[in-house]
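Visitor: Structure in structure tokens, see below.
What follows draws every value from the coordinates through simple rules; no lab data is involved. The structure presented is a predicted model; accordingly, all values stated were derived computationally and were not measured. For neighbour counting, all protein chains shown are included, and Cβ atoms are generated from backbone atoms with ideal geometry for every residue, glycine included.
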Amino acid sequence: LKEQQMPKKFQEVKFLNYQKQKRILITGGAGFVGSHLVDYLMKQGHEVVVADNFFTGSKNNVRHWMGHQNFELISHDIVNPLYIEVDEIYHLASPASPIHYMYNPVKTIKTNTLGTINMLGLARRLGKKILIASTSEVYGDPDISHHPQAETYFGNVNPIGPRACYDEGKRVAETLSYAYAKQEKVDVRVARIFNTYGPRMHMNDGRVVGNFILQALKNEAITIYG
Ligand code: NAD
Ligand code: UDP
């Protein structure tokens with residue numbers, strides 16, 4: 001038999017009965033962080049729906065679940081509304097590394113503002129919980145050097161600087177989340193993720209830990225300016 005004709009083998013997933021199994025939407029689920037969340041929730045036995053426009057993500061990151069009865073992949077740009085029925089939402093769609101988010105700053109702003117409004121609107125209509133992926137970059141170029149910065153620190157962001165599309169975009173995403181929580185009683189969670197690294201991150205991510213790992217793998221000197 002040719003490889004394509006052989007029944008596909010999936011990693012084992014737990015069985016959850018219909019009362020326990022949730023249908024979970026992950027925007028940006030074909031990206032680095034999102035695809036690991038897909039793996040985690042799939043293995044827990046949930047139904048996972050990924051909505052992604054593949055700007056920085058790739059089908060390869062979730063290919064190992066394609067064809068699984070609990071998995072669904074939707075090619076969708078989150079700047080546009082999405083009408084779908086789910087029990088929980090993880091909103092991760094946004095380029096994350098400076099190289100990617102500065103490539104098209106206007107699009108980065110739209111993704112983090114309009115895209116976040118759409119997902120909060122979805123959570124509002126459904127009355128379901130939503131997690132928004134924010135970033136340590138909401139602290140901008142922090143005046144306090146203690147790392148990680150505390151949530152009591154409000155940040156130091158230049159609203160017209162080259163990183164503003166992302167930093168301010170995420171700050172508005174946070175503001176929107178708490179406005180929807182207060183005004184519309186949406187159950188929101190905001191996670192300020194600090195630099196993360198691991199399998200499936202982009203080779204051209206450009207951030208320091210990834211650069212060091214890449215230099216080490218290529219047997220090059222480990223240097224910031226290499
Ligand atoms: P990533 O670039 O690997 O993944 C982002 C995913 O979002 C990709 O699959 C991309 O195609 C998708 N996407 C982008 N714009 C979209 C749009 N308009 N519509 C639909 N999909 C879209 O990045 P990541 O590192 O996995 O980051 C995931 C989330 O975590 C992002 O919101 C990012 O801001 C946040 N975050 C990541 C880090 C980190 O160190 N990786 C740090 C802080 C915050
Ligand atoms: N929205 C969506 N899916 C839904 C419900 C809403 O994409 O299931 C979008 C829709 O585009 C809307 C936005 O979310 O514009 C905000 O929704 P909300 O109900 O908060 O505001 P309104 O519809 O009044 O603008």
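Visitor: Can you name the condition, by its number, that residue 143 falls short on among (1) touching a Ser or Thr at 6+ places or on another chain (Cβ under 8 Å); (2) more than 21 Å from residue 99 (Cα to Cα)?
Guide: (1)
Visitor: Right, here's the next one. Under 7 Å by Cβ, and 6 or more places apart or on different chains, what pairs join a residue from region 122-144 that is without any contact (Cβ under 8 Å) to a residue 60 or more places away in the chain with one that is small (Gly, Ala, Ser) and within 16 Å of ligand 2 (Cβ to nearest atom)?
Guide: 130/123; 132/173; 132/177; 134/173
Visitor: Would you mind stating whether residue 40 is part of a helix (DSSP H, G or I) and of a type in the set (Phe, Trp, Tyr)?
Guide: Numbers: part of a helix (DSSP H, G or I): yes; of a type in the set (Phe, Trp, Tyr): yes.
Judged against the criteria, residue 40 is a match.
Visitor: A further question on this structure: Evaluate the following for residue 158: is it in a loop (DSSP other than H, G, I, E, B) and either more than 16 Å from ligand 2 (Cβ to nearest atom) or surrounded by 14 or more Cβ atoms within 10 Å (Cβ to Cβ) (or both)? Reasoning before the result, please.
Guide: Details: in a loop (DSSP other than H, G, I, E, B): yes; either more than 16 Å from ligand 2 (Cβ to nearest atom) or surrounded by 14 or more Cβ atoms within 10 Å (Cβ to Cβ) (or both): yes.
Here the answer is yes, as residue 158 does meet what is asked.
Visitor: Of everything in region 54-112, what is aromatic (Phe, Trp, Tyr), assigned to a strand (DSSP E or B) and either under 15 Å from the mean Cα position of the chain (by Cα) or within 16 Å of ligand 2 (Cβ to nearest atom) (or both)? Give them in sequence order. Write out each step before concluding.
Guide: Step one: list which residues in region 54-112 are aromatic (Phe, Trp, Tyr), which gives 54-55, 65, 71, 83, 90, 101, 103.
Still in the list and also assigned to a strand (DSSP E or B): 71, 90.
Residue satisfying the conditions is 90 alone.
Visitor: Still on this model: So is residue 51 under 13 Å from the mean Cα position of the chain (by Cα), under 26 Å from residue 159 (Cα atoms) and not hydroxyl-bearing (Ser, Thr, Tyr) or not? Let's see the steps before the verdict.
Guide: Numbers: under 13 Å from the mean Cα position of the chain (by Cα): yes; under 26 Å from residue 159 (Cα atoms): no; not hydroxyl-bearing (Ser, Thr, Tyr): yes.
For residue 51, the condition - under 13 Å from the mean Cα position of the chain (by Cα), under 26 Å from residue 159 (Cα atoms) and not hydroxyl-bearing (Ser, Thr, Tyr) - is not met.
Visitor: Can you tell me how many residues within region 101-120 are within 8 Å of residue 165 (Cα to Cα) and either of a type in the set (Lys, Arg) or crowded, with 17+ Cβ neighbours inside 10 Å (or both)? Break it down into steps so the answer makes sense when it comes.
Guide: Step one: filter region 101-120 for residues within 8 Å of residue 165 (Cα to Cα), giving 101-102, 105-106, 108-109.
Applying the additional criterion that residues be either of a type in the set (Lys, Arg) or crowded, with 17+ Cβ neighbours inside 10 Å (or both) yields 101, 108-109.
Going through region 101-120 one residue at a time, the tally reaches 3.
Visitor: Further question on the same structure: Which residue is surrounded by the most Cβ atoms within 10 Å (Cβ to Cβ), if the candidates are limited to region 162-196 and must be acidic (Asp, Glu) and in contact (Cβ under 8 Å) with a residue 40 or more places away in the chain? Full working, then the answer.
Guide: Kept after step one, since they are acidic (Asp, Glu), are these residues of region 162-196: 167-168, 174, 184, 187.
If we keep only those that are in contact (Cβ under 8 Å) with a residue 40 or more places away in the chain as well, we get 168, 174, 184, 187.
On the way: 168: 22, 174: 18, 184: 14, 187: 13.
In this case the residue turns out to be 168.
Visitor: Can you confirm whether residue 39 is closer than 22 Å to residue 196 by Cα and surrounded by fewer than 23 Cβ atoms within 10 Å (Cβ to Cβ)? Write out each step before concluding.
Guide: Working: closer than 22 Å to residue 196 by Cα: yes; surrounded by fewer than 23 Cβ atoms within 10 Å (Cβ to Cβ): yes.
Spelling it out, residue 39 is indeed closer than 22 Å to residue 196 by Cα and surrounded by fewer than 23 Cβ atoms within 10 Å (Cβ to Cβ).
Visitor: Considering 84, 74, 99, 78, which residue is of a type in the set (A, V, I, L, M, F, W, C) and under 18 Å from residue 172 (Cα atoms)? Explain how you work it out, then say what you get.
Guide: Numbers: 84 fails: under 18 Å from residue 172 (Cα atoms); 74 fails: under 18 Å from residue 172 (Cα atoms); 99 fails: under 18 Å from residue 172 (Cα atoms).
The unique qualifying residue is 78.
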